[in-house]
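Here's the structure, in structure tokens; my notes come after.
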Amino acid sequence: MSDTDPQQFATDDPSGARTVTTASVTPTGPTPSAARDKGSTGSGWLVTVVAVASGVALLVLGLRVGGALTAAIPGLPDAGPITTRALPVFRLLSDGLATVTVGMLVTAAFLLPGDGRSVSPHGYLLLRRAGVAALGWSVTALSLMALTASDLLGQPLTTLGPATVVSFATTISQGQSLTVQAGLALAVALLARFGVSRGLAATAAVLALVAVLPPAFTGHSAGAGNHQIAVTSLALHILAAAVWIGALIALLVVRRSRLLADAAARYSRLALGCFVAVTVSGAANAAVRLGSVDQLWHSRYGWLVLGKVAALLILGALGAIHRSRTLPALRAGRRWAFGRLAAGELIVFAATVGLAVALSRSPTPVAEAGTDADPITELLGFPMPIAPTAGNLLGQPLPDMFFLTLCALGIGGYLAGVRRMRVGGHRWPVARTASWVGGLLLLTASTNLGVARYAYVLFSAHMAQHMVLSMLVPILLVGGAPVTLALRTLRRPTDPGVRGAREWLLIAVRSRLTKLLTHPLVALGIYTASLFGLYFSDLLGALMRSHLGHLAMLTHFVVAGYLLFWVLIGVDPGRRRLPHPLLVIIHLASMMAHGFFGLVLMQTTTVIAPDWYLAVHPSWASSLLADQKLGAGIAWAFGELPAVVVMIVLIRQWIRADQREQGRLDRAADRADATGAEDELARYNAFLAAAGRTDSDPRRAVRPDQP
């Protein structure tokens, strides 16, 4: 389909049928930029070829500088020249297709205006091209599976049998990550091919962002110590870079649209955030991999890092030019100004991706974990801690970039919303601000201070962390009423056809999924299942062995607790409005489930997750069963104070609700006295009196709507 031809796209009819609408992408008459646009298709292909060439050239140069193309070491198995040369090329191709997929889906769902519930004609074009790119991404991920198996096993592709590849894909972490990525990319391709609604486009975009992550948890950063910074920083780096580069490519595809100026302005704000995220996460990851600053110029890996730094500075300068010159030019109708600068920026991006792939294939100054590495460091990401003291539990921080970033953004965004409320002349309760900030600070402390270090090796410390994350932190976060603040302070886009953050938040709050999750039985079931299902199965040990699994477990603690306490004491819109007596019963049920869990755990005579705790049990600690008994006691006793606090809040809300209802009835009675009409309360009292009289004479039954 040509960019200039009228495009046919499907829309969902309320009856379920699909209709086809024809919309013109460009104005029919001659425009001042027609001469420039006439040859833009050819120039687009030229930019693509130059960008690919720059990426490949920097990839080869980076592989040579980094030492990834050196001859094989005598005595060690060699995968052969085909694997050595093809593996980085396919990695570059896979990363490129993933970036294109992510960028086009993000642009179609969030940057371009829609047509009602469906995407716009240009959004439809991006969806279809994203589907093709995602399909290619899935195929290259499968190809990488065979190449990676050949590289790790040291066997040429010609001698690698299908059974070996299947075993690699199902039992080895690198193969499993590529299998997951290929499956997710295929799912994205299907959604992009058959979906036309903005909701499905957003779902496909989120799924594509998830699909770029699996290899990040099995590469350089996952192979050495300090997983908490290295792995998370690499994941953030990949996500931000994919959105930054991919959205620019998508805007180049729709560069002749009348909507380019507004979309480019929204992209500029997004790109600035991505630039900051790429810079911070890249610096953190490089610090872990280099070990010391002098390795920047004393190691080949450091030279490649310096090359990426130079490219990042160039991209930052180009972004500043975009904001100062290109955006005003676009608003003035000179759309060609964006294409010229963005094409140059894309070429630099391609070269940077080539360097990044070369970095992933190059030896690092800080060696990855091997057979001679400390097994405890290999498992934990840090050496075995010394015996715990109060100072060690609060000191000896273990920074985790995921929770640090999450809490920093949460506090910063909340305080920005409070400031906007005050600037607008509105008040926001200080208690809510203190509750939200206190909850995130407590979350930061429990996941980044010394207690997080000991939670890996002691069941008792893990249980204390669990109780804080599932009870104290959610109660404080719910008290902050973040949804209410967001709905009051998030600004609507200037274009009514664009869904901004506020619109997507409203959709999420009103969705069927939210209604399901906030059902009291569902919320209570999720909270209870996170207690019994985790500790009375093999799940705990499996999650502790994976950094991603550990992050997912800690996040689940917070989310499960937030759902339950949102149902009980939340004030935000979206939750089910239940009678307060029923809420008290639900709270009592949760207290009973929590107490029963602690009691069962205290009576258990078998060690929980023995494979994990036997491998990391400190020499200075008590026996595994004794430490488990201590953790059970913490679980049994910890819930008392939070439960009392929640009960007090519930009773207080119940009293206030009754006071509001009584005030409403009093106002209705006052209005009735002033007008001479009978008010609702008087009619109801008359009905009760009449109902009493019918006990002696059923023939005198009176309905409440009769005098």
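Considering the conditions (1) without any contact (Cβ under 8 Å) to a residue 24 or more places away in the chain; (2) touching an Asp or Glu at 6+ places or on another chain (Cβ under 9 Å), E503 is excluded by exactly one of them, (2).
Of the helices (runs of 4 or more DSSP H) lying entirely inside the stretch 105-215, none contains at least 2 residues that are of a type in the set (F, W, Y) and open to solvent by 10 Å² or more (accessible area, probe 1.4 Å).
Restricted to the stretch 544-578, and to residues there that are within 16 Å of L521 (Cβ to Cβ) and aliphatic (A, V, I, L, M), the residue that is surrounded by the most Cβ atoms within 10 Å (Cβ to Cβ) is L564. A Cβ distance below 6 Å, combined with a sequence gap of six or more or placement on separate chains, defines the contacts here; from the stretch 117-146, residues that are of a type in the set (F, W, Y) reach residues that are outside any helix (DSSP H, G or I) in the pairs Y124/F9. Just checking, which of A240, A261 is without any contact (Cβ under 8 Å) to a residue 60 or more places away in the chain, hydrophobic (A, V, I, L, M, F, W, C) and surrounded by fewer than 24 Cβ atoms within 10 Å (Cβ to Cβ)? Within the list A240, A261, the selection yields A240. Filtering the stretch 600-620 to residues that are part of a loop (DSSP other than H, G, I, E, B), open to solvent by less than 40 Å² (accessible area, probe 1.4 Å) and under 13 Å from Y456 (Cα atoms) leaves A609, P618. Only one of the listed residues (L415, L404, L440) is surrounded by 16 or more Cβ atoms within 10 Å (Cβ to Cβ), over 25 Å from A287 (Cα atoms) and not hydroxyl-bearing (S, T, Y). That residue is L440.
Condition test on V437, is it in contact with a Leu (Cβ under 9 Å, 6 or more places away or on another chain), more than 23 Å from L234 (Cβ to Cβ) and modelled with pLDDT of 95 or more? Considered against the rule, which asks whether it is in contact with a Leu (Cβ under 9 Å, 6 or more places away or on another chain), more than 23 Å from L234 (Cβ to Cβ) and modelled with pLDDT of 95 or more, V437 comes out as yes. Could we say that W428 is at pLDDT 95 or above and aromatic (F, W, Y) here? Taking the combined requirement at face value, the residue does not satisfy it.
Based on this model, can you work out whether P397 counts as open to solvent by 50 Å² or more (accessible area, probe 1.4 Å), modelled with pLDDT under 90 and under 25 Å from the mean Cα position of the chain (by Cα)? It is true that P397 is open to solvent by 50 Å² or more (accessible area, probe 1.4 Å), modelled with pLDDT under 90 and under 25 Å from the mean Cα position of the chain (by Cα). The sole residue among S173, S233 that is farther than 30 Å from T494 by Cβ and more than 21 Å from the chain's Cα centre (by Cα) is S173. Taken as a whole, the structure places T83 among residues that are under 24 Å from L58 (Cβ atoms), part of a helix (DSSP H, G or I), modelled with pLDDT under 85 and open to solvent by less than 20 Å² (accessible area, probe 1.4 Å).
Each residue in the stretch 87-104 was checked for being open to solvent by 30 Å² or more (accessible area, probe 1.4 Å) and under 15 Å from A189 (Cβ atoms), and 2 of them qualify.
Using the structure shown, decide if I321 is open to solvent by 50 Å² or more (accessible area, probe 1.4 Å) and in contact with a Leu (Cβ under 8 Å, 6 or more places away or on another chain). Spelling it out, I321 is indeed open to solvent by 50 Å² or more (accessible area, probe 1.4 Å) and in contact with a Leu (Cβ under 8 Å, 6 or more places away or on another chain). Applying the criterion of being open to solvent by 30 Å² or more (accessible area, probe 1.4 Å) and modelled with pLDDT of 85 or more to the residues of the stretch 216-236, the residue that is farthest from S360 (Cα to Cα) is L236. Inside the stretch 211-221, can you point out the residues that are touching a Leu at 6+ places or on another chain (Cβ under 6 Å) and not aromatic (F, W, Y)? Residues satisfying the conditions are A211, A216, S221. Looking at this structure, is T389 open to solvent by 40 Å² or more (accessible area, probe 1.4 Å), in contact with a Leu (Cβ under 7 Å, 6 or more places away or on another chain) and of a type in the set (S, T, N, Q)? Criteria not met by T389.
Of the helices (runs of 4 or more DSSP H) that lie entirely inside the stretch 451-532, those containing 1 or more residues that are open to solvent by 30 Å² or more (accessible area, probe 1.4 Å) and among the aromatic types (F, W, Y) span 501-509. Of the residues making up the stretch 518-525, none is within 30 Å of I229 (Cα to Cα) and out of contact with any strand residue (DSSP E or B) (no Cβ under 6 Å at 6 or more places or on another chain).
The values are calculated or read from the model by the stated rules, or taken from the named source; none is laboratory data. Model, not experiment: these values are computed from the prediction. Counting neighbours? That spans all protein chains shown, and the Cβs are built from the backbone with ideal geometry, glycine included. With ligands, DNA and RNA removed, areas are computed over all heavy atoms of the protein, side chains included. Shrake-Rupley method; radii C 1.70, N 1.55, O 1.52, S 1.80 Å.
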